[in-house]
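Working notes, structure below.
The values are calculated or read from the model by the stated rules, or taken from the named source; none is laboratory data. As the structure is a computational prediction, the values presented were derived from the model and not from experiment. Note that each Cβ is placed from the backbone with ideal geometry, even for glycine, and that neighbours are counted across all protein chains shown.
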Amino acid sequence: DQQVKQNSPSLSVQEGRISILNCDYTNSMFDYFLWYKKYPAEGPTFLISISSIKDKNEDGRFTVFLNKSAKHLSLHIVPSQPGDSAVYFCAAITPGKLQFGAGTQVVVTP
Amino acid sequence: GAGVSQSPSNKVTEKGKDVELRCDPISGHTALYWYRQSLGQGLEFLIYFQGNSAPDKSGLPSDRFSAERTGGSVSTLTIQRTQQEDSAVYLCASSLVFPGGAQDIQYFGAGTRLSVL
């Protein structure tokens, strides 16, 4: 049962533009959400998180938005840079484990 | 080093053989997790260790999979009688556990790429 879903397997965006990655979840008991970034041959690295008591968290070029009523979160990257090309995973915390989405491959083109 | 260390980085084995994958978590992290990522798939939770508590094995796909964590630190994931569908990248992560578990950020190793021929 896939409780965290990333429906876009890939996203191509021009350098300098905004990247918007989407994530939907089904379990209303999730109370903390994270985004991880993964380069080839490396483990995922933590990028940004948001608690369910907030609707927005910003860290530099990265902003995560949470819409609890819609069970939807998104990651905005502004402006996109070539080094942002990676796979981005959305994850939700339940006690003892992260539930991961399938990931979105982002390619930032010059 | 300061990060999560996994060994070997690559493992090629024949179908039916047993394999052991090792994980050294970040020092001081009480929680340790194993995941796997099959080709084109997301990360699949396998098992979770927290302190001296009984591990959460709910993600293990079959009884051919087992894991141990010795002394609350190093962990070994063992796959017996490997099958071709076991081919994947096996990732280990560790974390501090805060009261309430609200900010349980996991730090990942680079993974072990297992290929079963």
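Each row is one residue, and each column tells you yes or no for (1) among the charged types (D, E, K, R); (2) modelled with pLDDT under 95.
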| position | (1), (2) |
| --- | --- |
| A:Trp35 | no, no |
| A:Ser51 | no, yes |
| A:Lys54 | yes, yes |
| A:Leu66 | no, no |
| A:His72 | no, no |
| A:Tyr88 | no, no |
Which residue out of A:Gly83, A:Gly43, A:Gly16 is buried (at least 20 other Cβ atoms within 10 Å of the Cβ) and not in a strand (DSSP E or B)?
A:Gly43
Say whether the condition of being out of contact with any strand residue (DSSP E or B) (no Cβ under 8 Å at 6 or more places or on another chain), touching a residue at least 60 places away in the same chain (Cβ under 8 Å) and not β-branched (Val, Ile, Thr) is met by at least one residue in the range B:41-61.
no
Can you tell me which residue is farthest from the other protein chains (Cβ to nearest Cβ) among those in the range B:8-48 that are among the small types (Gly, Ala, Ser) and exposed (fewer than 15 other Cβ atoms within 10 Å of the Cβ)?
B:Gly16
Return the total of residues in the range A:22-40 being more than 8 Å from every other protein chain (Cβ to nearest Cβ), surrounded by 13 or more Cβ atoms within 10 Å (Cβ to Cβ) and of a type in the set (A, V, I, L, M).
0
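Somewhere in the range A:64-78, is a residue within 12 Å of chain B (Cβ to nearest Cβ), at negative phi and under 15 Å from the mean Cα position of the chain (by Cα)?
No; the residues of the range A:64-78 include none that is within 12 Å of chain B (Cβ to nearest Cβ), at negative phi and under 15 Å from the mean Cα position of the chain (by Cα).
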Evaluation of A:Gly43 against (1) touching a residue at least 40 places away in the same chain (Cβ under 8 Å); (2) under 16 Å from B:Ile105 (Cβ atoms); (3) within 10 Å of chain B (Cβ to nearest Cβ) (one fails), failing number:
(1)
